[in-house]
Amino acid sequence: MPFELPALPYANNALEPHFDAETMEIHHDKHHAAYVTNLNNAIAATASLSEKTIEELCVNAGKNSPVIRNNGGGHYNHSMFWKLLKPNGGGAPTGKLGEDIVSTFGDFAKFKEEFAKAAVSRFGSGWAWLVVAEGKLAITSTPNQDNPIMDVAEVKGAPVLCLDVWEHAYYLKYQNKRADYINAFWNLVNWDEANVLYAAAK
Ligand code: MN
């Protein structure tokens, strides 16, 4: 099988009380696992795609079948999302990314406000993103399991930070209160990992 479900880099309950253990378990062991299984099944049926990386599949999402677009995006997005969270994370962004968030958005509070607006206003299921687009930091959102490296993305860029706003990411603990889940996210952000992505994106 070409793609594998990566292990969570922490225990299911490590992000408590912000993201609860049961949500993390189902989200990773069922939802992400299903994207990987469905992607592998679709790849197995399409010989020309058997050697492609997950990035290559996403970049050409518009040319591939919807099954590969949706499940390939699901695998790419969740693999990135888990690493952008950590126990005792959050706080103000550090490093070069911290400096550039302040110079781009005014201050960290203003950045959080704009990112949360993108996350809360994404209708239905999708993701909020901080990306580097045309050399600059920008906030965007995508529907379903699309992402900003896809050819079909409205705003294309290299991801630096992402937040899953599908109901499966928060409904057990937060029910319909997506804004509360977004607030909780700020306690978990792994800014070291975001800086790694930012350095690679520029
Ligand atoms: Mn998800």
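The values are calculated or read from the model by the stated rules, or taken from the named source; none is laboratory data. Just so we're clear, the structure is a prediction, and the values are computed from it rather than from any experiment. Note that we place each Cβ from the backbone using ideal geometry, even for glycine, and neighbour counts take in every protein chain shown.
What the table shows:
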quantity	calculated
Pick from the range 40-53, criterion crowded, with 18+ Cβ neighbours inside 10 Å and among the aliphatic types (A, V, I, L, M), ranking: modelled with the lowest pLDDT	LEU49
Number of the exception - ASP146 against (1) more than 17 Å from HIS28 (Cα to Cα); (2) more than 12 Å from the chain's Cα centre (by Cα)	(2)
Members of the range 1-39 that are surrounded by 17 or more Cβ atoms within 10 Å (Cβ to Cβ) and of a type in the set (D, E, K, R)	ASP20
Qualifying residue in the range 88-98 (condition: in contact (Cβ under 8 Å) with a residue 12 or more places away in the chain and closer than 30 Å to LEU39 by Cα)	no
Strands (runs of 3 or more DSSP E) wholly inside the range 69-182 that include at least 2 residues being surrounded by 19 or more Cβ atoms within 10 Å (Cβ to Cβ), touching an Asp or Glu at 6+ places or on another chain (Cβ under 8 Å) and at pLDDT 95 or above	126-133, 136-143
